[in-house]
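Written out below as structure tokens is the structure these notes cover.
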Amino acid sequence: MKVQLAGTELEMGGPYLGEMRESNDLTGDPDRLRERLDEDGYLLLRGIQNPGLVLDARREILEGLREVGALEPGTPLDDARISTQIEARENLPGMSELTSTLRSSDAVTRVAKSAEIMGFLEVFLGGPVVTFDYKWLRMVGTGSSTGVHYDIVYMSKGTQNLHTVWCPFGEVSLELGGLAVCAGSQNWHKVRDTYGNMDVYRDGIEGDLSTDPVELVDKYGGEWKATSYQPGDVVIFGMFTAHASLANQTGRYRLSMDSRYQLASEPIDERWMGHDQFEEDSEILRETTTSIETARREWGI
């Protein structure tokens, strides 16, 4: 099967893109889980979240999309069918406000702070855990995807012992465009020492590392990994794992969330704490002044 990753067509099972490895067999052994994370750069855990909580959040998100006219009238809510009118409208009224409301809604928060995920991370990280108030809620339409990046370039003001948890709200097939990670990219030392040391808001540099995932593998090694997901699955990875999303090749919304977690005892990036901090923080709103192509030439990567 062919998929689109950061604008590049790849064959699933080909030389650049393989199936993610599951780590459920290690859930009772945090030391081995940490070794797996060091080795692969990610942990795929099937069914760790309560599917009921996940589907409750999905329903709330879809009801919000229906209220703003983003769903095709007359279709079942759970189909998440994108309105045929959206392509003709540059900005759908109410979508920005909807996203801001939903990311802090009770249903979404219950998923992000569930006993299952908080309990797992407390054992995995070895102490009490906190999560950023800001949640990255994704309602991805046809043809859309996320570019290749490290997360550290967006949240570098606290501890680097910070972990992303990617959670799909519902079934996510390869066609629907789920998360893809580059196993081994946590060991791209020259990239870590240059791109991985910048902060997009402080430095005014574009955040995506590349639009060519093959170029990165050819130059630095590793292999892209992807899979299909069910409600309750999560992918956990650190700040220096390159990742992106497959393009949504369907006429349905792909719904998912990125949340960040760390030990409560370690410094936290305050830009992502507090109500609507993203909209209010002038540093976060700084204008991009340097292209990633220019920055990469200067860094020699």
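The values are calculated or read from the model by the stated rules, or taken from the named source; none is laboratory data. Bear in mind that the values here come from a model prediction, so they are computed numbers and not experimental data. With ideal geometry, Cβ positions are generated from the backbone for all residues, glycine too; neighbour counts draw on all protein chains shown. Please note that ligands, DNA and RNA were not included when accessible areas were found on the heavy atoms of the full protein model with its side chains. Shrake-Rupley method; radii C 1.70, N 1.55, O 1.52, S 1.80 Å.
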Whole-percent carbon and sulfur share, accessible surface of the chain, 1.4 Å: 46
Long-range amide H contacts for Met155: which residues qualify at under 5 Å (H placed 1.01 Å from N, peptide plane, sequence gap of 5 or more or a different chain)? none
Calculate one ³J(HN,Hα) per residue across segment 93-105 by plugging θ = phi - 60° into the Karplus curve 6.51 cos²θ - 1.76 cosθ + 1.60, and present them in order as whole Hz with x for glycine and proline. x, x, 5, 4, 5, 4, 4, 4, 5, 5, 5, 10, 5
Calculated from DSSP H runs of 4 or more alone, at -39500 (n - 2.57) each and per residue, what is the 222 nm mean residue ellipticity of the chain, nearest 500? -7500 deg cm²/dmol
How big, on average over all directions, is the shadow cast by the Cα convex hull of segment 60-174, in nm²? 9.0
In terms of the Cα gyration tensor, with a ≥ b ≥ c the square roots of its eigenvalues, is the chain rounded because a/c is under 1.5, prolate because a/b exceeds b/c, or oblate? rounded
For the charge dipole of the chain, defined by +1 on Lys and Arg C-beta atoms and -1 on Asp and Glu C-beta atoms about the Cα centroid, which residue among Ala6, Tyr134, Leu162 has the Cα displaced farthest towards the positive pole? Ala6
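Can you tell me the dipole magnitude for segment 97-158 around its Cα centre, using point charges on the Cβ only (Lys, Arg +1; Asp, Glu -1), in Debye to the nearest 20? Could the numbers behind the result be given before it?
On the way: 6 positive and 6 negative charges, 19 e Å.
Dipole magnitude for segment 97-158 comes out near 80 debye.
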For segment 184-199, what does the Karplus curve 6.51 cos²θ - 1.76 cosθ + 1.60, with θ = phi - 60°, yield as ³J(HN,Hα) per residue in whole Hz, taken in order and with x for Gly and Pro? x, 5, 5, 9, 7, 5, 5, 5, 4, 6, 10, 3, x, 9, 9, 10
Which cross-chain or sequence-distant (5 or more) residues have an amide H under 5 Å from the amide H of Leu162, H modelled 1.01 Å from N in plane? Met239
Probe of 1.4 angstrom, ligands and nucleic acids ignored: what's the accessible area per residue over segment 21-161, in square angstrom? 49
Given backbone amide H placed at 1.01 Å from N, residues whose amide H is under 5 Å from that of Ser210, ignoring those fewer than 5 places away on the same chain, are Val148
Peptides 260-266, 54-60 ordered by average Cβ neighbours within 10 Å, highest first: 54-60, 260-266
Roughly how many whole Å is it from the C-alpha centroid of segment 8-39 to that of segment 207-242? 11
Starting from one equal scatterer on each C-alpha and no solvent at all, send me the Debye-based log10 I(q)/I(0) for segment 135-218 at q = 0.14 Å⁻¹, two decimals. -0.58
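Sequence gap at least 6, Cα distance under 8 Å: using those rules, report the relative contact order of the chain to the nearest whole percent.
Answer for the chain is 30 percent.
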For segment 35-50, Karplus couplings with θ = phi - 60° (6.51, -1.76, 1.60), whole Hz, Gly/Pro x: 5, 5, 5, 4, 6, 8, x, 7, 10, 9, 10, 7, x, 6, 8, 6
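Hey, got the dipole for segment 120-216? About the Cα centre, +1 on K and R Cβ, -1 on D and E Cβ, debye to the nearest 20? If you can, show how the numbers build up before the last one.
Values: 6 positive and 12 negative charges, 47 e Å.
Dipole size: approximately 220 debye.
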Express as a percent, rounded to the nearest 5, the fraction of DSSP beta bridges in the chain (both residues included) that run antiparallel. 90
With +1 at each Lys and Arg Cβ and -1 at each Asp and Glu Cβ, the charge dipole magnitude of the chain around its Cα centre, to the nearest 20 debye, comes out at 220
With no solvent and one point per C-alpha, what does the Debye sum give as log10 I(q)/I(0) for segment 159-301 at q = 0.09, 0.16 Å⁻¹? -0.33, -1.08
